[in-house]
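As structure tokens, the structure follows; a few thoughts come after it.
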Amino acid sequence: MNTAINTHLYLPVDLYTQISDLAREQNLPFARVARELMKDALKKKTKKKKVYKNPLDWLISFNIKGPKDLSINHDKYLYDEPYYSSNH
């Protein structure tokens, strides 16, 4: 059995109106709709972020594609200057 606590909240008129309208549309009591909205908001706010063991895995998760030679020719892509190796 869930224990409930009776409490008072002061709501801005526009927020009260939005919750009332939603409760009326769903044919549910105001209190139930307000509780569900608060529960959903808390889940969203307290949602744990994924922790990566390797910090680079976070970047890899974006799955961004780029040139295969970017690590060598980064100057070319940044400054439009080609890379010249010491072998040439």
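The values are calculated or read from the model by the stated rules, or taken from the named source; none is laboratory data. Small disclaimer: the values here were computed from a predicted structure and weren't measured. With ideal geometry, Cβ positions are generated from the backbone for all residues, glycine too; neighbour counts draw on all protein chains shown.
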**Study point:** Filter result (surrounded by 11 or more Cβ atoms within 10 Å (Cβ to Cβ) and in a helix (DSSP H, G or I)) within region 1-29
**Key:** 15, 16, 17, 18, 19, 20, 21, 22, 23, 24, 26
Check your understanding: In region 66-78, what residues are at pLDDT below 80 and either touching an Asp or Glu at 6+ places or on another chain (Cβ under 7 Å) or surrounded by fewer than 10 Cβ atoms within 10 Å (Cβ to Cβ) (or both)?
Key -> 66, 75
Review point. Looking only at region 30-55, which residues are modelled with pLDDT under 80 and either touching a Gly at 6+ places or on another chain (Cβ under 6 Å) or of a type in the set (A, V, I, L, M) (or both)?
Key: 51
Practice item. Could you grab the pairs with beta carbons closer than 6 Å, sequence gap of 6+ or different chains, first residue in region 21-41 and over 16 Å from residue 4 (Cβ atoms), second one β-branched (Val, Ile, Thr)? Key: 22/33; 23/33
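Considering only region 31-47, I want to know if a residue exists there that is in a loop (DSSP other than H, G, I, E, B) and surrounded by 10 or more Cβ atoms within 10 Å (Cβ to Cβ).
No, region 31-47 contains no residue that is in a loop (DSSP other than H, G, I, E, B) and surrounded by 10 or more Cβ atoms within 10 Å (Cβ to Cβ).
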